[in-house]
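Trainee: Here it is, the structure in full.
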Amino acid sequence: MMRIFLIACLLVAQLLSTGCHIRGGEPSQSELFSALEDQLEHANDRGGIKINMGNAGAFRDIQFNLKLHSLTKHACSGANYAYTCKVTLMVSYPPVKETPEMLDADIMVFDGPGGWRVVE
């Protein structure tokens, strides 16, 4: 009995020390939302997205932040820890577009030590 307890403790300690995820399989809709939201927040923290709207020497940069309102997962393909998922997003990008709009997209995600992350 003591031997079984020690083996169980060693297995648990090994799993905890590796920091790996035990989930397996493709990401859920909420995991995809969190991963993409984290990615957009990171981009926004770096100053958002800048577009040069100039022509013939009259340059003007417009800066805007992306806001993810919702995400609907349709399908994912891949294996192990990397998947490409077809999703529909509701996003806005103030001050250019305040009203959310629907976009179909494919996003690639990886399940690493910190959880699901979008691959750029």
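Trainee: Contact list please: Cβ distance under 6 Å, first residue in the stretch 33-54 and modelled with pLDDT of 75 or more, second residue part of a loop (DSSP other than H, G, I, E, B) and aliphatic (A, V, I, L, M), pairs at least six apart or on different chains.
Mentor: Here the result reads L40/L66, each pair linking the stretch 33-54 to a residue that is part of a loop (DSSP other than H, G, I, E, B) and aliphatic (A, V, I, L, M).
Trainee: Name the residue that is surrounded by the most Cβ atoms within 10 Å (Cβ to Cβ), counting only residues in the stretch 98-120 that are without any contact (Cβ under 8 Å) to a residue 12 or more places away in the chain and part of a strand (DSSP E or B).
Mentor: Quick first cut of the stretch 98-120, residues without any contact (Cβ under 8 Å) to a residue 12 or more places away in the chain only: 98-99, 101, 114.
Checking the rest, the ones that are also part of a strand (DSSP E or B) come to 98-99, 101.
Working: E98: 9, T99: 6, E101: 11.
Here the answer is E101.
The values are calculated or read from the model by the stated rules, or taken from the named source; none is laboratory data. Just so we're clear, the structure is a prediction, and the values are computed from it rather than from any experiment. Every residue, glycine as well, gets a Cβ built from its backbone with ideal geometry; the counts of neighbours run over all protein chains shown.
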